[in-house]
Structures are given as C-alpha cells and as structure tokens.
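As structure tokens, the structure follows; a few thoughts come after it.
The values are calculated or read from the model by the stated rules, or taken from the named source; none is laboratory data. Every value quoted in this text rests on a predicted model; they were computed, and no experiment measured them. All Cβ positions, even for glycine, are placed from backbone atoms using ideal geometry, and neighbour counts span all protein chains on display. Protein only, heavy atoms only, side chains kept; ligands, DNA and RNA dropped before computing areas. Shrake-Rupley method; radii C 1.70, N 1.55, O 1.52, S 1.80 Å.
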Amino acid sequence: MTVYLPIAELSVNIFIILGMGAAVGFLSGMFGVGGGFLITPLLIFYNIPPVVAVATGANQVVASSVSGAISHFRRGTLDMKLGTVLLVGGLAGASAGIWIFSWLRKVGQLDLIISLLYVVFLGTIGSLMLAESLRAMRRAARNEPMPLRRPGQHNWVHRLPLKMRFKKSKLYLSAIPVVALGFGIGILTSVMGVGGGFIMVPAMIYLLRIPTSVVVGTSLFQIIFVTAYTTIVQAATNYSVDIVLATILMVAGVIGAQYGVRVGQKLRGEQLRALLGLLVLAVGLRLAVDLVITPADLYSLSVGGFASR
Amino acid sequence: MMTIRLIPCLAALLLAILGWAEPAAAQVPIGPGPSPVREGLEIGTSTSEIAITSDFRGADLTVFGALTNADELFLAIGQYDVVVTLEGPRDAATVRRKERVFGIWMNTQSVTFEQVPESYSMASTRPVEDIQGPTSLTRMGVGLDHLALSPIGYVGNALAVADFREAYRRLKLSSGLYQRDSAGVRFVSPSLFRATLRLPANVPDGVHVAHAYLFKSGELILQRELPLRVVKTGLEQTITDAAHQQPLAYGLVCVLVALVTGWGASVLFRKD
C-alpha cells in the first residue's frame, strides 16, 4: 500500500515507513534514547530528501520524548531552573541552526554537510559506546567492581564566572557552559533533526557534573521545547515538515518504544550498549561509504522544491 | 471526385464544431503557407484537469486534432507533420556537479537555468529532427534537445554549460519528467490525428500547456495551445496548501500531533 507524502512529494510504501518507525521506536525504548539520530539517516537511505528527513525527524523526536518527560515531571526528577537555562541556549542555537540550514541549502551543500555531521557523530558515539561497553563486559567477566566517580571533583568548567545556584541539582555552576551546551545541541537539532540527548546526557554528567538523577529528565525537558520550536521554524522557513510522514513514524514509534522498554529491562546493560554502539557505527559507516564511492551520476538537479525527483 | 475530397474535410470540421475543442484554442498563424487556401487546425484534450490523488501512478493525456483545408496532394505524400507537447509549469532549475574533494564527493559547480518547464512530454509523427533543422527547432523551442536552457548569471565556460545542459536533459529524461515519443501522433483519418502523452507519477501540479504544431513540408504553419490543470486533490492538496500558506499554524499542528501521540501512548500503555 502506497501513501503519498505531500511535502516530500513522493509516494512511499506505508509499511516500510511504519516498520522504520516501529524499529527505531523499539530501539529508543530499549536504550532510552530519542531515536532522531537513527530516523533521519534511515529516511535518507529511503530516498526521502534530506531537507524533509531532518525537519520531520525533529518533529518525531517531540513525540518520542513526551512520555518520558511527563513521567520525569511527575516524579520530580528534573531541574526546572537548569532546564530553562539550557533552553535559552537551545532556542538560540536552534535559530542559528535554521539559518545555517537554509544557507547550506541555498549553496547546494546541505546534503553533504548533513551526511558528514552524521558520519562524524555516529562514528564517534558508536565507537565510544562500543569501547565503553566492551570494557564493562571485560570487567564483569573478571568480577571487578565498577570504578566509582568521586563527586566534588572540579574541572575548568567550574572556574567560569556568572555562577548560578541550581537548588535541585545541588550545584553552584556558571551559566556559560550550560547555555553553550544548549546552544550547541540546538544547532544539531535544526541541522541534523536530532534531539541531541546522546550528546547532552554525557556532557551533563561528565562535564557539568550534574547529578545523574536529574540529568535525563532535564535533558528531555530541553529536548521537547527545542525540537518543538525547530519543527515550527522549519515549517515556517523551509516548508519541509511532512505531517503525513511524521504521523506514521510517530504512531509506529511510540508503540514500538513500549515494547522496547520491556525488552530492554530484561537484557544486560553492557550488551545492550554494545549492540547500540554497533548499530550506530553501521549507520555511520553506510553514510560514509555513500560519501566516498563514486556516485552513479555526478550531476544532480534541484527544481524549486527539494532534490532531484 | 469532389465528394471524395470533401468527406475528410467535412468530418474534420464537424468534429471541430462538435466541441471536443471545447476550451477555446487560440489561433496563431505563422507565416503564409504556399497554397492559397489556408489550413486550419483545431485541437482538444481528453480532459482539461488531471487530479493527483494519493494513489496517483501517472496518467495518459490524449490530444485530438483536426486538420482543415489540408492540401490533398501534400496529405497523400505525408508532407504534413504534427508535433504535440505538454509543458509543465516553469521554474528555475539548478544542475550541480560533484567532484572529489579530499576523497569525498561534493557539489563544486552549479548552473541555474531560468524558467524551464518542470515537465515536458512530446509526441510527434516522426522524430522532430527529421521534420526541421536544429536551428529552427531551437528558435521555436520545440523538442527536448531544443528547449531554451539559458543560464542565470555569469557562467565562465561556455563548453561547461553544454555539459550541464546535457546533464539536465538526461536527468529529466531518466526521472520520467521529460518524455518523447517520436511515433506518438497518429493520423486516424487523413485529417484527424490523435496524440497520446504520458504524465509521470511525479508530474508537478499547476497549469500545464498542451501545444500542437503543424508542419507542412517542414515549415511550421500553425500552432495551437490549450491549458491543462494538474491539481493535487483531497487531503494532499489541503496539506500542501496549509504548509505553504499557513506555515506557522501548520508547524503548530505538527507539534500538537506529536504531543498528543506521545502523551496518548503514555496514557494507553501505562502500567498501573
């Protein structure tokens, strides 16, 4: 059964899109990630114009983050003040990102930059994840205890000025790195169509030393607002959010996520992370190969709309 | 003798009057023909509107035409040729060329052509190149290889532009947006012809123009045109319109759908 995507301007098989959404939803539920960094490359592999894939990916992340954010809000495991400061940076970053996005599109380098960014991020994150989980597996095999992270350790981040008190996180921290982190993630949201949790969460834990208990809730808080904002601005400037595509992905995604969560609880953490690392690396590798092999046609065409149809 | 000659002409006139040339065709005579009696050309299309529904797989458009006052002798020896084209809405098109830069293929050069038809479908009695010389075809803009492709702005190397033009035509042909059928026009009677044009599944919406060109001994003597509207229908059109005319509201709806989907799932699948 085919369905016509009015914004991407092509007909697709609805079951492939449903399958994609469900699979990514399943993985995102299993690993507790938003899934934007998998959805966008998959859509590109399925010949959805990258412009549409990125904008629609941001929209999909809104849906996949809502239920998580709600439960963290109920449990009170989020730092509102910290989230708001992150959000200030995030909205500014998303605005800058949209500007960069439109400019890259005008000069015809958007597809390349999107692919390059994905190769770099997926490659780095995938390798780190794989290496970390392999180390953890080896440790578990030798029955060594997990190395404990000593709190109270200070790094350069904690010597910056403009300090603010974040009661919930029990932190006295400069606003500069928080806003900067939000800004960087905001740019990634609009250029890559990701929520950015896979970068934000480690950065908050290791760089800003924010307590793990509030990290996920706070990052989800920021992600929802930034992806929602990006969706609206993408729709208003590039007309590139495909509501039909997004709806199919979201519905399949949230259902898949429910089952992913259940499976995820039964599997062991290190094995899960090793699997996710491998998957992320594979997607990055596929994109890298597409950049390097000689294309079938050196010429491409764009007419008013998105890409060569 | 008289009656025999009259029958096809009468039939043609009758058909023309009977109205399948229903949207009035503008008459554009081009140069006086050599014969004292002026030929006439009427065309009509099988439909004046094509709807793109969600399961649109492309469509066929039939263009009928009637030749009146045709010269018997010229008809008999096949000196009349008909070319029918369907031109899509015009827009600027950019062709980009990739080059290997540090091992990665990236777009390095681009040429933008002004106001080229997004789709172009052509049918003719025989290959257009056999009907007319390339110079005249280019002047008239008839035929795939003779569409005006003029670059916007300064382009340094004229030779490179030729490459880009060729690439443009090749890409358009391979995407199905440009098509040609050099046997697509058939005379069903000495003065009646029928042309079948294929509209691909990815045909752009907007106003298309069907052109019919009548050649006599290789000279263009008459030209007719009829508009054809291609519209997206139903939900697709509503969505496209909303996305382009009310982008802010459209974006808000997208976010709302996402919030409701995410929230709905968390309510539906709540464990307690």
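Taken over the range B:233-252, the residue count meeting the criterion of being more than 7 Å from chain A (Cβ to nearest Cβ) and surrounded by 15 or more Cβ atoms within 10 Å (Cβ to Cβ) is 3.
The residues on offer are A:Leu276, A:Leu285, and the sole one that is under 24 Å from A:Ser127 (Cα atoms), at pLDDT 90 or above and more than 14 Å from every other protein chain (Cβ to nearest Cβ) is A:Leu285. Restricting the range A:70-88 to residues that are of a type in the set (Gly, Ala, Ser) and within 21 Å of A:Lys170 (Cα to Cα) leaves a set whose member that is modelled with the lowest pLDDT is A:Gly76.
The number of residues in the range A:104-124 being open to solvent by 10 Å² or more (accessible area, probe 1.4 Å) and under 24 Å from A:Phe225 (Cα atoms) comes to 2. For the range B:56-109, a tally of residues being within 14 Å of chain A (Cβ to nearest Cβ), free of Cβ contacts under 8 Å to residues at least 24 places away in the same chain and surrounded by fewer than 17 Cβ atoms within 10 Å (Cβ to Cβ) returns 7. Condition check: open to solvent by 30 Å² or more (accessible area, probe 1.4 Å) and free of Cβ contacts under 8 Å to residues at least 40 places away in the same chain. Does A:Thr77 satisfy that? No.
In the range A:144-177, the residue that is least open to solvent (accessible area, probe 1.4 Å) out of those that are in a loop (DSSP other than H, G, I, E, B) and modelled with pLDDT of 75 or more is A:Ser169. Every test in (1) over 30 Å from A:Leu173 (Cα atoms); (2) modelled with pLDDT of 85 or more; (3) touching a helix residue (DSSP H, G or I) at 6+ places or on another chain (Cβ under 6 Å) is passed by A:Ala136 save one, and that test is (2). When A:Ala257 is tested against the conditions (1) more than 9 Å from every other protein chain (Cβ to nearest Cβ); (2) within 18 Å of the chain's Cα centre (by Cα); (3) among the hydrophobic types (A, V, I, L, M, F, W, C), the lone failure is (1). With respect to (1) away from chain B (no Cβ under 11 Å); (2) open to solvent by 40 Å² or more (accessible area, probe 1.4 Å), the lone exception for A:Thr2 is condition (1). Within the range A:27-62, restricting attention to residues that are on the phi < 0 side of the Ramachandran plot and outside any helix (DSSP H, G or I), the residue that is most open to solvent (accessible area, probe 1.4 Å) is A:Tyr46.
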